[in-house]
Amino acid sequence: MPLISFSRAITTLAQADPDRPAVTCEDDTITRGELEARSNRLARAYGELGVGEGDLVTLALPNSVEAYVAAVAVWKLGAVPQPVSYRLPDRERQAIVELADARLVVGADPAAHPGRQVLPIGYEPDRALSAEPLPDRISPVWKAPTSGGSTGRPKLILSGDPASFDTESAPALRAGLEGCHVVPGPLYHNAPFSSSTTGLVRGNHIVVLPRFDAEATLAAIDRHRATFVLLVPTMMQRIWRLPDEVRDRYDLSSLEVIWHMAAPCPPWLKEAFIGWLGGERLWELYAGTEAQAVTIIRGDEWMDHRGSVGRVVGGEMKIVDLDGEDLPPGEIGEVYMRSIGKPTYQYVGAEARTLGDGWESLGDLGSMDADGYLYLADRRSDMILSGGANIYPAEVESALLEHPAIVSCAVIGLPHEDLGNAVHAVVQVGEGQTVSDDELRVFLGERLVRYKVPRTIEYVDWSVRDDAGKVRRSALRDERL
């Protein structure tokens, strides 16, 4: 099996075609040759600060060319990139840095991390440092993203794979070679970071947006003739809400594959994208950052299994009841999964929810049909028990998002004297649009059984979900209590 390190792959690409674009962010582009030189020089600067093989380096950088140069520099030393949001408050970042025992923090104020080596955003190493290739090293762990999960406490998820790949293997996610990837999501989330960096080392031109913007995403795909893009349902909805004349202004014919993941996709929205872009190009993936098991489904296949996230293509999955007993097809229970072969991850700061014999849960609820297609319901921690009925927030949110005035939303349960919990919706309405409680309830009553329709509706002027489509329902609930 001809393995090559991420570091050596970047060097090889630069030697083969140094003038080919490697990374673009708005008007800033670096070639393969420039990426190689800049990352070599930066790696030597990190090395002088004590970074060595296996060390974790916290990267608190916004979407930018700099973020990719920093990640490559970390791999050049055989160290481990550990991306976090550059917007984190100092206290929250410090908790993660302590958990990681990071050798270096990049993108922060040194005063925020006493006793640590810290470099600010925009740091440039001494030009006297050599830009020549370094000795080849392979990071034993190729990434260490963070996750708060349902607990709200930070944990690290160390990949079970080193920073290397088989040169004869097909790229992950059908990403291709020598193509162009548009990256509209934040690099501190696992999927955008993983898909774009592995795309980079396989020779793809990475075009990263500084932040998600619906029209800017379409414009980047058109301008750079992108072959690959990864979206989340929140992005898909904002793109679909663009006026037809704006959406149709851009040529998306170069796209070979469009992935969506990270959150449930409302069926109406997925069907709209299939009709627009073609089911053969639209793919969905379900897995955790832990990657114990994975399901995949293509758009045209989904039309025959509406609402499914696909069948298992890696690892194993099963549905169990509260007693841990296997459930028959069609019954909703907790989704458990396990890897086949070597472990796919290691937690730092958390313990897995286990069933024994290698089975683990991420807290998701769902069912599996007789043909092995998985249908997700919601997270166990987010389910609302109201008047004895189980209500899954994702189902109510999907119905809310069908309304043309709704931009983003989240549904939570709030204490109710009679019902135990009452359904409460937090709703962002589009700029210049209005909608009343009565109008929304009539709209939802045509789509949901009565007990699922929110009893109370709260209107906000901020996005309820972040650019990666994530929402912390537990935090919303706590704030309202």
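The values are calculated or read from the model by the stated rules, or taken from the named source; none is laboratory data. On a predicted model such as this, the values are computed, not experimentally measured, just so you know. Neighbour counts run over all protein chains shown; Cβ positions are idealised from the backbone, glycine included. Just so you know, the surface numbers come from the protein's heavy atoms only, side chains and all, with ligands and any DNA or RNA stripped out. Shrake-Rupley method; radii C 1.70, N 1.55, O 1.52, S 1.80 Å.
Observations on the structure shown:
- Residue 342 meets each of the listed conditions (1) part of a loop (DSSP other than H, G, I, E, B); (2) under 21 Å from the mean Cα position of the chain (by Cα) apart from (2).
- Unmet criterion (only one of (1) open to solvent by 30 Å² or more (accessible area, probe 1.4 Å); (2) under 20 Å from the mean Cα position of the chain (by Cα); (3) closer than 30 Å to residue 80 by Cα) for residue 376: (3)
- If only residues of the range 434-481 that are under 19 Å from residue 265 (Cα atoms) and at pLDDT below 85 are counted, the one that is most open to solvent (accessible area, probe 1.4 Å) is 472.
- Residue check, residue 295 open to solvent by 20 Å² or more (accessible area, probe 1.4 Å) and closer than 30 Å to residue 343 by Cβ: no
- Pairs where the first residue, in the range 312-338, is aromatic (Phe, Trp, Tyr) and the second is open to solvent by less than 50 Å² (accessible area, probe 1.4 Å), C-beta under 6 Å, 6+ apart: 336/318; 336/320; 336/359; 336/361
- You will find that of 402, 431, 395, the residue that is farther than 24 Å from residue 267 by Cα, out of contact with any strand residue (DSSP E or B) (no Cβ under 7 Å at 6 or more places or on another chain) and surrounded by fewer than 20 Cβ atoms within 10 Å (Cβ to Cβ) is 431 and no other.
- Considering the range 238-263, and only residues there that are of a type outside the set (A, V, I, L, M) and touching a Leu at 6+ places or on another chain (Cβ under 6 Å), the residue that is surrounded by the fewest Cβ atoms within 10 Å (Cβ to Cβ) turns out to be 250.
- As a summary of the residue check, residue 93 satisfies the conditions (1) crowded, with 23+ Cβ neighbours inside 10 Å; (2) touching a helix residue (DSSP H, G or I) at 6+ places or on another chain (Cβ under 6 Å); (3) charged (D, E, K, R) except for the one numbered (2).
- Any chance residue 100 is among the aliphatic types (A, V, I, L, M) and either at positive phi or modelled with pLDDT under 95 (or both): no
- The residues of the range 279-315 that are within 17 Å of residue 231 (Cβ to Cβ), in contact with an Asp or Glu (Cβ under 8 Å, 6 or more places away or on another chain) and not hydrophobic (A, V, I, L, M, F, W, C), listed by number, are 279, 280, 281, 298, 299, 310.
- Test: residue in the range 345-362 that is at pLDDT below 95, assigned to a strand (DSSP E or B), open to solvent by less than 20 Å² (accessible area, probe 1.4 Å) and within 15 Å of residue 392 (Cα to Cα): no
- In the range 220-237, residue nearest to the chain's Cα centre (by Cα) [restricted to those that are farther than 11 Å from residue 185 by Cα and not in a helix (DSSP H, G or I)]: 228
- Some residue of the range 81-96 being aromatic (Phe, Trp, Tyr) and either more than 26 Å from the chain's Cα centre (by Cα) or closer than 27 Å to residue 171 by Cα (or both): no
- If only residues of the range 16-38 that are under 20 Å from residue 129 (Cβ atoms) and free of Cβ contacts under 8 Å to residues at least 24 places away in the same chain are counted, the one that is most open to solvent (accessible area, probe 1.4 Å) is 34.
- Scan of the range 181-219 for residues that are among the polar types (S, T, N, Q) and either open to solvent by 20 Å² or more (accessible area, probe 1.4 Å) or not in a loop (DSSP other than H, G, I, E, B) (or both), ordered by number: 190, 194, 195, 196, 197, 198, 217
- Flag: residue 37 does not match the condition of being of a type in the set (A, V, I, L, M, F, W, C), under 24 Å from residue 161 (Cβ atoms) and not in a loop (DSSP other than H, G, I, E, B).
- In summary, residue 85 fulfils each of the numbered conditions (1) within 17 Å of residue 206 (Cα to Cα); (2) surrounded by fewer than 21 Cβ atoms within 10 Å (Cβ to Cβ); (3) among the hydroxyl-bearing types (Ser, Thr, Tyr) with the single exception of condition (1).
- Taking residues in the range 453-476 that are over 18 Å from residue 437 (Cα atoms), and partners anywhere that are of a type in the set (Lys, Arg) and modelled with pLDDT under 95, the pairs with Cβ atoms closer than 6 Å and at least 6 places apart or on different chains are 471/465.
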